[in-house]
Amino acid sequence: MGSSTAVSHRTQAQRFAAFKDALRERSLKSTSQRDDIARVFFANDQHISVEELYREVKRVNPRVGYATVYRTVRLLRECGLAAERHFHDGEARFENVEEEHHHDHLICERCGRIVEFANDAIERLQEQIAARLGFVITRHKMELYGLCAECRSGRTPHAAAKRESRVSRT
């Protein structure tokens, strides 16, 4: 695979503005706690659980409660700003949603590392297979499970790389 690069179509500020608009549309108050949670979420480029987000937000605002983080993540998902994913461990993880940005996932079964990738040839092949079988694809997700290079070699993955790598075009 090629080098890992982050793909971002909307800035953190644009995502935050969309969140504020969604609050107004729902007649919900914009609170400092919700704002802190949203900012930390939008700054994160990983698949993050509510528990992990809670720990990160507590560093910024120690007064934020777990229930507030949970409700805010649910709101982000309802607004289309977060996508919920379930990988091999069954725990719900959330990622920032990019408009018109589809990607697939490689997941290490040993260390939990998640590598996002996009491949136009795979996407075309899926469309061809669906058409040949009389289907029109409306949505899909692809998750490939295995062992990352570090786990196969017995090396301990670097802490930053252990959980996540961003989208790589292959």
Quiz item: How many residues are touching a His at 6+ places or on another chain (Cβ under 9 Å) and not in a loop (DSSP other than H, G, I, E, B) when one looks only at the stretch 133-154?
Solution: 4
Practice problem: Select from the stretch 30-74 the residues that are farther than 26 Å from PHE117 by Cα and modelled with pLDDT under 90 and list them in ascending order. | Solution: SER30
Self-check item: One residue from GLU56, GLU52, GLU95, GLU109 being within 27 Å of ILE137 (Cα to Cα) and surrounded by 14 or more Cβ atoms within 10 Å (Cβ to Cβ)
Solution: GLU95
Quiz item: Of (1) of a type in the set (Gly, Ala, Ser); (2) more than 20 Å from HIS47 (Cα to Cα); (3) buried (at least 17 other Cβ atoms within 10 Å of the Cβ), GLY65 satisfies all except one. Which?
Solution: (3)
Practice problem: Output the residues belonging to the stretch 123-154 that are loosely packed, with under 13 Cβ neighbours inside 10 Å and either under 22 Å from HIS86 (Cα atoms) or modelled with pLDDT under 80 (or both). | Solution: ILE137, THR138, ARG139, HIS140, LYS141, LEU144, TYR145, GLY146
Practice problem: Report yes if some residue within the stretch 103-121 is of a type in the set (Asp, Glu) and assigned to a helix (DSSP H, G or I); otherwise report no. | Solution: yes
Quiz item: Does VAL69 fit the bill of being more than 17 Å from ALA18 (Cα to Cα) and touching a residue at least 12 places away in the same chain (Cβ under 8 Å)?
Solution: yes
Quiz item: Among helices (runs of 4 or more DSSP H) lying entirely in the stretch 16-84, which contain 3 or more residues that are acidic (Asp, Glu)?
Solution: 50-60
Exercise. Select from the stretch 75-107 the residues that are among the small types (Gly, Ala, Ser) and at pLDDT 80 or above and list them in ascending order.
Key: GLY80, ALA82, ALA83, ALA92
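The values are calculated or read from the model by the stated rules, or taken from the named source; none is laboratory data. Bear in mind the structure is a predicted one, so any value in this text is a computation, not a measurement. Note: ideal-geometry Cβ built from the backbone for every residue, glycine included; neighbour counts use all protein chains shown.
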